[in-house]
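Shown next, in structure tokens, is the structure this report addresses.
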Amino acid sequence: MAFVEMSKIYKVYPPNVVALNGVDLSLERGEIHSIVGENGAGKSTLVRILYGMIKPSSGEIKIDGEKVQISNPSEAMKLGIGMVHQEFMLIPSFKVFENIILGQERSTLGFINRKKAAKTVQQIIDQYGFGVDSNTVVSQLSVAAQQKVEIIKQLYKKAKVLILDEPTAVLTPQESDELFEQITRLKGQGKTIVFISHKLDEVLKISDRITVLRKGQRVTTLENKDVNAIELAKMMIGRNLSQISKRESQPGKEVLSIKHLSVRSNRTNKEVLSNVNLSVRAGEIVGIAGVEGNGQYELVQSIVGTIRPYSGEIIVNDTDLTQAPIRERRKLICYVPQDRKYSGLALKATMLENMIMTHHLKDEFKKGLLALDWKKAYSYAKQAAEQFDILYRSLDEKPEVLSGGNQQKVVVAREFSLGYTLIVLDQPTRGLDIASTEYIRRLILQMRDAGKAILLVSADLDELMQLSDRLYVIKDGKIVAHIDPSKADIHTIGNYMLGVVN
Amino acid sequence: MKIFRRVIISLLSIASAFLICAILIKIQRNSPIEVYKALYAYGLGSWFSLSSTLNTATPLIFTGVSAAVAFASGVINLGQHGQLLMGAILTAILGVYLNLPGLIGIPVLVVFGGFAGALWAGVAAVLKKFYRMDEFISTLMLNFIAEYFTIYLATYPFLDKKAYVPATRLIKRIYFMPDVSGLSLAFFVAIFSALISYWYIKKTRSGYELRMMGHNINFARIGGCSVELNTTLVLLLTGFLSGLAGGLLILGGTQHRFMKGIGANFGWDGVMIAIIANNSIIETLFYGLFFGALKNGAIGMEFETAVPSEFILLLQAVIVLVVVGARSAIEYYTQWIRSLAKLKKVVSGND
């Protein structure tokens with residue numbers, strides 16, 4: 001008998017989005033069970049139902065053959081189900097053990113025996129070999145170590161089933177390998193691991209069984225043998241994945257030139273970018289690799305103009321933009337921001353209004369002294385939406401009803417059809433499904449071949465390797481390496497990112 | 001379709017608000033039918049009632065549109081009351097001392113009223129631009145300063161010595177706003193201003209930027225909109241609209257002078273109307289007229305029945321709650337019902 005049995009799970013999000021369509025999932029004791037699928041396939045919804053965060057529309061869950069109702073996470077925890085989210089839920093100023101016992105404090109007369117608590121936590125850490133000091137303050141830990149703390153927290157709560165939602169998204173290749181070792185060790189101690197990822201090589205490396213979801217339905221659950229990444233991808237997207245190939249780049253004249261750029265943080269006055277020099281020429285893709293939070297965001301923001309540099313120069317098409325307002329910069333730069341909901345779109349405005357942003361500064365959309373030429377705007381938006389394959393019903397519709405992939409296509413369509421030579425891309429495919437990712441990567445290459453100068457910031461090393469013609473590695477706000485990706489392997493770059501080599 | 005649905009929701013909510021209040025009237029042993037009859041007769045029933053309703057609605061339309069434009073742009077201007085008072089006091093003073101022929105004088109005085117309102121809102125704009133002070137709090141506080149500053153002006157330097165209450169002198173007769181058998185031309189200025197505002201916010205490039213700021217300010221900023229300049233612009237523009245309300249209250253109202261309490265509750269009613277109208281200018285126009293009718297009808301209701309005119313405040317409040325509540329509740333439940341139907345379809349499709 002299976003340990004956890006979810007059967008005929010349905011979830012319809014109001015008004016009519018079918019997220020799960022009769023999905024079955026069974027988990028055995030002591031197995032690593034991966035759930036793969038494109039974004040929107042229902043992976044997160046399924047595990048969130050198991051963790052009690054989302055109420056299913058219908059369906060039942062059995063644990064050890066007994067029917068259970070899980071209506072909130074604390075009930076899930078009582079049943080031994082724990083989950084580590086993509087965003088960590090830790091208090092940075094608290095020590096490791098304080099974070100771990102939070103909500104589960106064992107006290108006498110309202111007093112916590114901190115020494116004893118720290119000791120208990122350290123015992124668990126040592127038992128599973130995590131190598132973290134329970135007395136360290138969380139803010140001083142690396143991202144990978146914080147993730148360990150999250151896992152330990154679940155173990156402290158006596159989790160028997162551990163759900164990991166895309167745990168490797170924030171890790172370097174080396175850190176991922178370490179995580180896999182720990183997961184395997186947990187499995188050896190009888191824990192059940194539910195591993196969610198869209199990186200198929202990782203899934204194939206560690207899973208015992210794999211459940212494939214597509215469009216809210218379970219395609220299959222299979223043993224991890226005699227299956228390879230290509231077959232798995234085919235099951236996920238329902239067709240063959242075509243390989244992206246690219247031609248040799250033909251760089252032209254320099255379009256973006258950054259000289260001695262330094263940026264200081266407003267809060268701490270520390271240098272977050274120091275003496276950065278880089279250039280992007282027409283017809284090439286220049287990638288920026290680095291562990292997140294090493295200055296990539298500040299670099300992009302100083303190019304776009306939301307951050308004022310402390311010193312240095314930013315020159316686009318021979319125009320010095322170092323002190324220019326955003327409005328002036330946007331007459332020279334196409335920009336896809338990393339968070340489409342934060343600054344890429346107005347989700348409650350219409351599609352048309354979203355598509356015309358920045359274009360409205362152009363003379364061709366002016367009508368008379370003040371008015372905007374809405375007719376022209378409409379025909380441009382319609383044409384762009386078709387050209388970029390956006391699935392939508394009407395331009396009066398709000399982007400909030402579109403899927404993530406289509407929302408991103410709206411941003412990309414708008415920015416690419418601006419037609420300026422410099423294109424700045426910050427995580428252009430983050431959170432997108434395979435098909436949309438592939439589509440957008442192709443577009444980026446097309447743009448390069450059309451002679452655009454492209455700066456690509458991405459946390460996805462595969463993406464950088466696949467697309468970039470040149471690659472800079474950034475660490476602690478400094479450019480630490482300048483690499484030809486066709487001549488380097490992913491581990492070398494990972495070493496630069498971590499600062500293992502200099 | 002969407003517009004149709006919105007109209008239906010509004011009508012149903014208003015009807016249920018009247019129903020709820022009918023019960024309250026009944027509990028107090030009055031006849032709801034009599035009360036509503038009087039409300040209708042004095043609000044809309046005759047040309048006299050209708051024209052005074054439209055006159056009452058005039059300042060509401062201005063302050064309502066002012067609030068709607070500001071809120072739709074993500075600028076929380078809550079200073080309509082103060083801006084209206086500043087417009088009124090300047091127009092009232094200039095109306096006494098300025099020597100111009102009526103035909104030129106009236107528009108000049110009205111525009112000066114607008115400028116006074118814009119300038120008062122401009123104080124908040126300056127505080128925002130140079131000291132990063134939230135306009136939400138600064139416009140609110142400026143209301144109090146305007147209130148007492150205008151009372152001071154009407155009590156000391158510009159006091160009409162013959163008046164029994166703090167009031168300025170009567171403005172020159174040539175500056176009285178002409179009317180069409182009781183309906184002041186000020187009403188048409190209000191309609192015209194509302195339509196211009198509608199055009200500006202819906203059709204112009206600047207209006208587009210403003211609305212996008214209201215939706216998502218980061219989106220607008222990154223997209224190249226002049227966010228800072230636009231914020232200043234909105235404050236000045238909406239201050240101007242409120243100032244116009246004040247100026248026209250002096251020229252077109254009944255007193256033709258600045259008196260204590262002349263601003264009544266127009267500022268806050270405007271904010272309320274904009275909220276009910278979901279910041280849509282056309283809806284603001286209609287709710288302005290509707291609340292004008294209620295206010296006017298209230299007077300008649302007090303005449304004819306034992307229900308005091310303050311009862312209208314209760315009715316207003318119930319309407320606000322029901323309209324705003326119904327809007328989100330209906331949205332929520334239709335979606336919920338649709339999701340259930342979809343679930344049924346999906347489940348049966350699998351079997």
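The values are calculated or read from the model by the stated rules, or taken from the named source; none is laboratory data. Fair warning: this is a prediction, and the values are worked out from it, not measured in the lab. All Cβ positions, glycine included, derive from the backbone under ideal geometry; neighbour counts span all protein chains shown. Accessible surface is based on the protein model in full, side chains and every heavy atom, while ligands, DNA and RNA are left aside. Shrake-Rupley method; radii C 1.70, N 1.55, O 1.52, S 1.80 Å.
Tell me which of these A:Glu87 doesn't satisfy, since it passes every other one: (1) under 25 Å from the mean Cα position of the chain (by Cα); (2) open to solvent by 50 Å² or more (accessible area, probe 1.4 Å); (3) over 18 Å from A:Val194 (Cα atoms).
All conditions are met except number (3).
Go through (1) outside the structural domain of A:Val411 (by TED's automatic domain parsing); (2) open to solvent by less than 10 Å² (accessible area, probe 1.4 Å) one by one and return the number of the condition A:Ala349 breaks.
(1)
Scan the stretch A:309-342 for residues that are open to solvent by 10 Å² or more (accessible area, probe 1.4 Å), of a type outside the set (D, E, K, R) and either at the interface with chain B (Cβ under 10 Å from one of its Cβ atoms) or within 19 Å of A:Ala282 (Cα to Cα) (or both) and jot them down.
Hits for the stretch A:309-342 are A:Ile315, A:Asn317, A:Thr319, A:Pro325, A:Ile326, A:Leu332, A:Tyr342.
Being under 25 Å from the mean Cα position of the chain (by Cα) and under 30 Å from A:Gly37 (Cβ atoms) narrows it down to one of A:Gln154, A:Gln140, so name that one. It would help to see each step written out before you state the result.
Values: A:Gln140 fails: under 30 Å from A:Gly37 (Cβ atoms).
One residue alone meets the criteria, A:Gln154.
In contact with a strand residue (DSSP E or B) (Cβ under 7 Å, 6 or more places away or on another chain), surrounded by 21 or more Cβ atoms within 10 Å (Cβ to Cβ), away from every other protein chain (no Cβ under 14 Å) and in a helix (DSSP H, G or I) - does that describe any residue in the stretch B:277-299?
If we filter the stretch B:277-299 for residues that are in contact with a strand residue (DSSP E or B) (Cβ under 7 Å, 6 or more places away or on another chain), which is where we start, we get none.
No, the conditions are met nowhere in the stretch B:277-299.
Working carefully through the options A:Val412, A:Val424, find the one that is open to solvent by less than 70 Å² (accessible area, probe 1.4 Å), more than 30 Å from B:Ile196 (Cα to Cα) and within 14 Å of chain B (Cβ to nearest Cβ). Step through it out loud before you land on a result.
Working: A:Val412 fails: within 14 Å of chain B (Cβ to nearest Cβ).
Every option except A:Val424 fails the conditions.
Residues being within 16 Å of A:Arg414 (Cα to Cα) and within 26 Å of the chain's Cα centre (by Cα): count how many of those fall in the stretch A:388-403.
Counting residues in the stretch A:388-403 that are within 16 Å of A:Arg414 (Cα to Cα) and within 26 Å of the chain's Cα centre (by Cα) gives 8.
Going by the structure shown, is A:Gln296 modelled with pLDDT under 95 and over 27 Å from A:Met497 (Cβ atoms)? Reasoning before the result, please.
On the way: modelled with pLDDT under 95: yes; over 27 Å from A:Met497 (Cβ atoms): no.
Spelling it out, it is not the case that A:Gln296 is modelled with pLDDT under 95 and over 27 Å from A:Met497 (Cβ atoms).
Can you give me the number of residues within the stretch A:343-367 that are farther than 18 Å from A:Gly419 by Cα, more than 7 Å from chain B (Cβ to nearest Cβ) and part of a loop (DSSP other than H, G, I, E, B)?
Of the residues in the stretch A:343-367, 2 are farther than 18 Å from A:Gly419 by Cα, more than 7 Å from chain B (Cβ to nearest Cβ) and part of a loop (DSSP other than H, G, I, E, B).
If I filter the stretch B:122-139 for residues that are assigned to a helix (DSSP H, G or I), within 20 Å of B:Ile93 (Cα to Cα), at pLDDT 95 or above and open to solvent by less than 60 Å² (accessible area, probe 1.4 Å), do I get at least one hit?
no
Quick one: count up the residues across the stretch B:232-248 that are open to solvent by 20 Å² or more (accessible area, probe 1.4 Å) and either of a type in the set (Val, Ile, Thr) or within 9 Å of chain A (Cβ to nearest Cβ) (or both).
So the answer is 1.
Evaluate the stretch A:322-334: report whether one residue or more is more than 27 Å from A:Lys452 (Cα to Cα) and not hydrophobic (A, V, I, L, M, F, W, C).
There is no residue in the stretch A:322-334 that is more than 27 Å from A:Lys452 (Cα to Cα) and not hydrophobic (A, V, I, L, M, F, W, C).
Output yes when any residue across the stretch B:78-90 is outside any helix (DSSP H, G or I) and modelled with pLDDT of 95 or more, and no when none is. Working first, answer last.
Kept after step one, since they are outside any helix (DSSP H, G or I), are these residues of the stretch B:78-90: B:78-79.
Retained after the next criterion (residues that are modelled with pLDDT of 95 or more): B:78-79.
There is at least one residue in the stretch B:78-90 that is outside any helix (DSSP H, G or I) and modelled with pLDDT of 95 or more.
In the stretch B:168-182, what residues are open to solvent by less than 80 Å² (accessible area, probe 1.4 Å) and of a type in the set (Ser, Thr, Tyr)?
B:Thr168, B:Tyr175
For a quick check of your reading: which strands (runs of 3 or more DSSP E) sit entirely within the stretch A:1-108 and have at least 1 residues that are in contact (Cβ under 8 Å) with a residue 40 or more places away in the chain and either within 25 Å of B:Arg338 (Cβ to Cβ) or within 14 Å of chain B (Cβ to nearest Cβ) (or both)? Working first, answer last.
Values: elements: A:4-13, A:17-27, A:32-36, A:58-63, A:66-68, A:81-84.
Result: A:4-13, A:17-27, A:58-63.
Residue under question is A:Ala289, and the condition is that it be within 13 Å of chain B (Cβ to nearest Cβ) and either open to solvent by less than 10 Å² (accessible area, probe 1.4 Å) or among the hydroxyl-bearing types (Ser, Thr, Tyr) (or both); does it hold?
Numbers: within 13 Å of chain B (Cβ to nearest Cβ): no; either open to solvent by less than 10 Å² (accessible area, probe 1.4 Å) or among the hydroxyl-bearing types (Ser, Thr, Tyr) (or both): yes.
So A:Ala289 does not fit the description; no.
Counting only residues that are aliphatic (A, V, I, L, M), more than 14 Å from chain B (Cβ to nearest Cβ) and not in a helix (DSSP H, G or I), how many does the stretch A:370-394 have?
Pass one, the stretch A:370-394, residues aliphatic (A, V, I, L, M): A:370-372, A:377, A:381, A:384-385, A:390-391.
Cutting the leftovers down to more than 14 Å from chain B (Cβ to nearest Cβ) gives us A:384-385, A:390-391.
Checking the rest, the ones that are also not in a helix (DSSP H, G or I) come to A:390-391.
Residues that pass the stated criteria total 2.
Sort out which residues of the stretch A:95-112 are over 38 Å from the mean Cα position of the chain (by Cα) and closer than 17 Å to A:Gly82 by Cβ, and write them in order of number.
none
Can you spot a residue in the stretch A:101-122 that is small (Gly, Ala, Ser), within 15 Å of A:Ile152 (Cβ to Cβ) and open to solvent by 70 Å² or more (accessible area, probe 1.4 Å)?
Just the residues of the stretch A:101-122 that are small (Gly, Ala, Ser), to begin with: A:103, A:107, A:110, A:117-118.
If we keep only those that are within 15 Å of A:Ile152 (Cβ to Cβ) too, we end up with A:103, A:117-118.
Within this subset, residues satisfying the condition of being open to solvent by 70 Å² or more (accessible area, probe 1.4 Å) are none.
No, that holds for no residue.
Give the residues of the stretch A:65-78 that are surrounded by 15 or more Cβ atoms within 10 Å (Cβ to Cβ) and within 30 Å of the chain's Cα centre (by Cα), sorted by residue number.
Initially, the stretch A:65-78 is screened for residues surrounded by 15 or more Cβ atoms within 10 Å (Cβ to Cβ), giving A:68, A:70, A:73, A:76-77.
Scanning the stretch A:65-78 gives A:Ile70, A:Pro73, A:Ala76, A:Met77.
Would you mention how many residues in the stretch A:295-308 are open to solvent by 20 Å² or more (accessible area, probe 1.4 Å) and either touching a Ser or Thr at 6+ places or on another chain (Cβ under 8 Å) or in contact (Cβ under 8 Å) with a residue 24 or more places away in the chain (or both)? I'd like the intermediate steps shown before the answer.
Of the stretch A:295-308, the ones open to solvent by 20 Å² or more (accessible area, probe 1.4 Å) are A:297-298, A:306-308.
Restricting the remaining residues to those that are either touching a Ser or Thr at 6+ places or on another chain (Cβ under 8 Å) or in contact (Cβ under 8 Å) with a residue 24 or more places away in the chain (or both) gives A:297-298, A:307-308.
Matching residues across the stretch A:295-308 total 4.
If a residue must be surrounded by fewer than 20 Cβ atoms within 10 Å (Cβ to Cβ), at the interface with chain A (Cβ under 7 Å from one of its Cβ atoms) and not in a helix (DSSP H, G or I), how many such residues does the stretch B:183-226 contain?
2
Is it true that some residue in the stretch B:233-255 is more than 30 Å from A:His359 (Cα to Cα), in the same structural domain as B:Pro166 (by TED's automatic domain parsing) and among the β-branched types (Val, Ile, Thr)?
Yes.
Among (1) at pLDDT 95 or above; (2) surrounded by fewer than 14 Cβ atoms within 10 Å (Cβ to Cβ); (3) of a type outside the set (Ser, Thr, Tyr); (4) more than 21 Å from the chain's Cα centre (by Cα), where does B:Val165 come up short?
(1)
So which residues in the stretch A:309-338 are of a type in the set (D, E, K, R) and either in contact (Cβ under 8 Å) with a residue 24 or more places away in the chain or touching a strand residue (DSSP E or B) at 6+ places or on another chain (Cβ under 8 Å) (or both), if there are any at all?
As a first pass, look at the stretch A:309-338 and keep what is of a type in the set (D, E, K, R): A:313, A:318, A:320, A:327-331.
Matches in the stretch A:309-338: A:Glu313, A:Asp320, A:Arg327, A:Arg329, A:Arg330, A:Lys331.
Only residues that are in a helix (DSSP H, G or I) and closer than 16 Å to B:Phe303 by Cβ: list them for the stretch B:26-47, please.
Passing the criteria: B:Glu34, B:Val35, B:Tyr36, B:Lys37, B:Ala38, B:Leu39, B:Tyr40, B:Ala41, B:Tyr42, B:Gly43, B:Leu44, B:Gly45.
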